Structures are given as structure tokens and as C-alpha cells.
């Protein structure tokens, strides 16, 4: 089979498409014929060697894919050969034509969801669900501000927050992105490239502030977020690219909380909860991943460059 292989950490060009042996499922494992692969920003940090967790070299990147079960190992009972599935992990890496996964990483993909949409689920939708409901404990009737709401995590957060009965304010950086955020159900949409956009948030809440902020770029926004949260508000940091200075008195004065998370720390029980909820949302139509761009697997390097560019619009997926 063909797979992307990384033999040294570095720029996108260290990823090369190579012929490698077909993997074979062991006990408790599932072999998936990959139809589409989701590209996530964290994969660029890992590839560059700057992330806290580094895989052993050589490795195949990626965790999110959708496809058809090719074979199963002994003791696998939840899926069968021929099933449509998506994953939130891949033992052998997702940037490939075939991928090995543990059974717990594999979830049923409803027929109404395309493989391309399925590849957009694992990390973005898992992150959005864990951030909103397991960490920030968002509740119906609260107001949530979602920065970067036109990207993979952002569109997921808008959809699930709206479905859960929250009032949703989303931001994007282009007219196209703002239109997308509205289409996903946001009540209010702001252009975060406008210098005074944050000044419009408080009037939208009657002056009380927002209860939850989903923060994609904390090194730019965090101190300003603390001005926008309500009493007992929570800022949920899911993305950051550097350092920032904040005034802790802003947190103290509102009995507020700044929370951080990464999906690497999610427990097995959290994953079960998250994906049970996601599959239910997909089946009901409340959740529908947005695919912004499809690229062939051979263009993984270009995809890594594209996923870091401003003006996010849905999910970038690779097609083997």
C-alpha cells in the first residue's frame, strides 16, 4: 500500500509518499480501507518536532480517517468487515491507504454522512464536544463565543452548541467564512479582522458578558477574552501559538476560570461519551461536518501548509 512516511522532523517536505507493507490486525484491532483523511494543525507541530509528544521515527502521520472495515482481529465484536466507520485514532497512522486502529478508536459512520465528512470528525468534533460539555460544562441558555468559528473545530462547536440550546456568537476572518458560520446556526457573527469587533460582544449580551469562550488562538485573544466573560465565565483554550501577558485580577474579579485541554489527555470513558453523542448527532442531522477542501494524499505537504493559513473554511481532507 501507499502511505505518507516521515523519517525526520522538519518542514512539510519531510513527508513523502512511499510503498510500505500492508498492516495486519492483531487481537482487538481493526484494519480500515481509508477513503478520506482529516488534516489537523496538531499534526504539523508533531511533524515539525516542536510538539511535546514526539512519535518514534519513521512514522505515518494522522489519526482521523473514514473508510470501510477491511478486516478485524480476534476479540473484535463491535464492527464487521464492510462496515462504514470513522476513527479518532490510528495505530499505524491515517495518512495511508490502509490503517490499523484499536477497536475503541473506531465508530459507526451513518449512511447520510460522506467519507470526506467522516474524516472531519475525530479530532475537531471530539475537541469541540470535550471543550464545551466535559470541560467548560456549557449549559442550555448560556451564551458562548466561538473564536475562529469557520474552521474544523469552530464549525463543530457552533453546530453542537446551537443544538444544545446555547446562544452562539461566532467569529471568522472573511466574508465567506462569516457566511459559513451563519449557515451552521450562529445567532451573531463577527469579523475578527476588524479592530473593534470585540467591542460589539458586550452589547450582544446586554452588558453581562458571555458565559463560555472557545479560544482557538489564546496568544492573541486571551487577555481580551477576560474582559468579555460574564461572572463565573469560563475561557476554554483549545488552540495557542505562543505566549501572552494577562492580568489575573480580571479572573479574580469575576470568579472566572481559564481552562486548557488537549485530546491527548482524554480518558477512555470520555472518548466513549464523546463519540456516543457524536454518532447520535450525526444520525439525527444535528451535526454535519463541513469539508472545505479535498486534496490527494500525495499533496500532504501542501495540506500541512494550507491548514496553518488564516481564513479557515471547514476541514481539509486528503484522499488516498
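Computed from Cα positions, the angle between helix 218-228 and the longest principal axis of the chain comes to roughly 40 degrees. Over the Cα atoms of region 124-264, Rg to Rh with Kirkwood Rh, two decimal places? With Rg and the Kirkwood Rh in hand, the quotient comes to 0.92. Please work out the Cα center distance from region 32-93 to region 222-265, rounded to the nearest Å. Going from one Cα centre to the other spans 31 Å. Note on residue 163 and residue 252: the model spin-label points, each 7 Å out from Cα along the C-beta direction, lie 4.2 nm apart. A Gaussian network model of the chain, with springs between Cα atoms under 10 Å, assigns the largest mean-square fluctuation among 244, 213, 229 to 244.
Considering only DSSP beta bridges with both partners in the chain, what is the antiparallel share in %, to the nearest 5? Each step should come with its number before you reach the end.
Values: 28 of 54 bridges.
That works out to approximately 50 percent antiparallel.
Which residue fluctuates the most in the chain, going by a Gaussian network model with Cα springs under 10 Å, if the choices are 181, 220, 168? Highest fluctuation among the options: 220. Rounded to the nearest 10 degrees, the inclination of helix 268-284 to the longest alpha-carbon principal axis of the chain is 80 degrees.
Mean separation of Cα pairs under 8 Å and 6+ residues apart, divided by the residue count of the chain: what relative contact order is that in percent?
On the way: 763 pairs, mean separation 59.6, N = 320.
Result for the chain is 19 percent.
Note on 223, 64: ascending count of other Cβ atoms within 10 Å places them as 223, 64, the fewest first. With N counted as the residues of the chain, its alpha-carbon radius of gyration over 2.2 N^0.38 Å works out to 0.99. Axis of helix 152-163 versus longest Cα principal axis of the chain: the two differ by about 60°, to the nearest ten degrees.
For the residues 217, 226, 100, a GNM of the chain with alpha-carbon springs under 10 Å puts the largest fluctuation on 217. Note: relative contact order over region 36-180, using C-alpha pairs below 8 Å and six or more positions apart, is 19 percent. From its DSSP helices (H runs of at least four residues, each -39,500 (n - 2.57)), the chain gives a residue-normalised ellipticity at 222 nm of -7500 deg cm²/dmol.
Classification of region 227-320 by its C-alpha gyration tensor yields an oblate form. The axis ratio a/c (a ≥ b ≥ c) is 1.5 or more, and b/c is at least a/b.
Bear in mind these aren't lab numbers, they're just calculated from the coordinates by the rules spelled out. It should be emphasised that the depicted structure is a prediction, and the values quoted were computed from it without experimental measurement. Here Cβ is always computed from backbone atoms with ideal geometry, including for glycine, and neighbour counts include all displayed protein chains.
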